[in-house]
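Enquirer: Below you'll find the structure I mean.
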Amino acid sequence: MSGGESARPPSERREARKELLAQARSCERCSELAASRRTVVFGAGNADADLMFVGEAPGASEDEQGLPFVGRAGKLLDQLLVEIGMQRSEVFICNTLKCRPPGNRDPLPVEIENCQEYLLRQVELIEPKVICTLGNFSTKLLRRDPTGITRLHGKPEVITLGRRAVRLYPIYHPAAALYTPRMLQTLREDFARLPELLAMPAPEQPPAESFDATELRAAHGEAPASGGEDEQPAPQRDQLGLF
């Protein structure tokens with residue numbers, strides 16, 4: 001399959017995204033997070049976007065509103081997008097965890113492992129050309145490597161996630177600039193390269209094959225997910241741009 005060609009028809013991907021959202025909303029793999037969350041923050045934006053941002057985990061504002069990056073870091077992200085001629089509505093934004101860790105603590109390794117299927121499936125079903133990882137957690141998860149963001153920021157590389165080859169572009173999390181103002185210039189410089197990366201052809205894609213969540217997890221060395229297809233979504237706020 002040539003770079004940029006979709007592996008699945010848009011209507012099929014849309015239905016699969018609905019099913020994935022339903023599964024995430026009823027997920028109880030992490031008992032502490034399932035008990036403490038107000039909502040599952042699945043992601044928002046353009047579900048056919050060429051550019052996807054992946055952060056760490058929802059905070060208090062995100063847990064309250066059910067949408068990612070709506071606090072101070074989100075406002076800075078919006079500003080940085082405007083500076084390169086883009087809007088939030090043009091991209092898709094999500095996190096490695098779909099539930100807020102209590103007290104905004106760091107995600108636990110078992111929580112990242114439990115939740116990563118949802119993120120990998122989002123990549124498969126949105127089909128971005130570029131994934132911009134924000135900070136250490138998402139960068140280490142998607143690269144499958146412990147190298148930190150300080151060494152990697154601003155250095156794009158092509159990687160394959162499940163059935164999707166993407167151009168991964170690690171940058172600092174916008175929250176870093178809120179606590180360390182000198183980081184803002186670094187963020188601006190890294191953001192400034194995004195239009196150039198998006199203008200490049202999508203990476204050559206692996207051969208199109210049918211797959212399901214169990215196959216995808218197996219490809220990443222994971223155990224089968226708990227729960228089944230009969231899980232029903234809990235009533236929650238609609239998340240923008242998914243369908």
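The values are calculated or read from the model by the stated rules, or taken from the named source; none is laboratory data. Being a predicted model, the structure only gives us computed values, none of them experimental. So basically every Cβ, Gly included, is an ideal-geometry build from the backbone, and we count neighbours across all protein chains shown. Please note that ligands, DNA and RNA were not included when accessible areas were found on the heavy atoms of the full protein model with its side chains. Shrake-Rupley method; radii C 1.70, N 1.55, O 1.52, S 1.80 Å.
Enquirer: Going through 43, 66, 55, 71 one at a time, which residue ends up being closer than 28 Å to residue 109 by Cβ and at pLDDT below 95?
Expert: Criteria check complete, one pass: 71.
Enquirer: So, one more: Within the stretch 156-197, track down each residue that is in a helix (DSSP H, G or I), in contact with a Lys or Arg (Cβ under 8 Å, 6 or more places away or on another chain) and either closer than 25 Å to residue 57 by Cα or at pLDDT below 95 (or both).
Expert: 175, 178
Enquirer: For the stretch 77-99, how many residues are open to solvent by 20 Å² or more (accessible area, probe 1.4 Å) and at negative phi?
Expert: Residues of the stretch 77-99 open to solvent by 20 Å² or more (accessible area, probe 1.4 Å): 78-79, 82-90.
Next, only the ones that are at negative phi stay: 78-79, 82-84, 86-90.
Count: 10.
Enquirer: Which residue, of 134, 142, 152, 197, is free of Cβ contacts under 8 Å to residues at least 60 places away in the same chain and either open to solvent by 60 Å² or more (accessible area, probe 1.4 Å) or among the aliphatic types (A, V, I, L, M) (or both)?
Expert: Of 134, 142, 152, 197, the one residue that is free of Cβ contacts under 8 Å to residues at least 60 places away in the same chain and either open to solvent by 60 Å² or more (accessible area, probe 1.4 Å) or among the aliphatic types (A, V, I, L, M) (or both) is 152.
Enquirer: Next question. Could you please find all residues in the stretch 127-155 being basic (Lys, Arg) and outside any loop (DSSP other than H, G, I, E, B)? So that I can check it myself, show each step before the final result.
Expert: Start the filter on the stretch 127-155 by keeping residues that are basic (Lys, Arg), which leaves 129, 140, 143-144, 151, 155.
Once the filter is applied, which keeps residues that are basic (Lys, Arg) and outside any loop (DSSP other than H, G, I, E, B), the stretch 127-155 yields 140, 143, 151.
Enquirer: Residue under question is residue 124, and the condition is that it be in contact (Cβ under 8 Å) with a residue 24 or more places away in the chain, assigned to a helix (DSSP H, G or I), closer than 21 Å to residue 48 by Cβ and not aromatic (Phe, Trp, Tyr); does it hold?
Expert: Here the answer is yes, as residue 124 does meet what is asked.
Enquirer: Report the residue count in the stretch 120-131 for those that are within 9 Å of the chain's Cα centre (by Cα), aliphatic (A, V, I, L, M) and either within 21 Å of residue 194 (Cα to Cα) or surrounded by 23 or more Cβ atoms within 10 Å (Cβ to Cβ) (or both).
Expert: Count: 2.
Enquirer: Still on this model: Return yes or no: is residue 100 closer than 13 Å to residue 161 by Cα, touching a residue at least 12 places away in the same chain (Cβ under 8 Å) and of a type in the set (Lys, Arg)?
Expert: no
Enquirer: Please find, within the stretch 155-174, the residue that is least open to solvent (accessible area, probe 1.4 Å) out of those that are closer than 16 Å to residue 201 by Cβ and among the charged types (D, E, K, R).
Expert: 164
Enquirer: In the stretch 49-89, how many are in a helix (DSSP H, G or I) and not hydrophobic (A, V, I, L, M, F, W, C)?
Expert: Residues that pass the stated criteria total 13.
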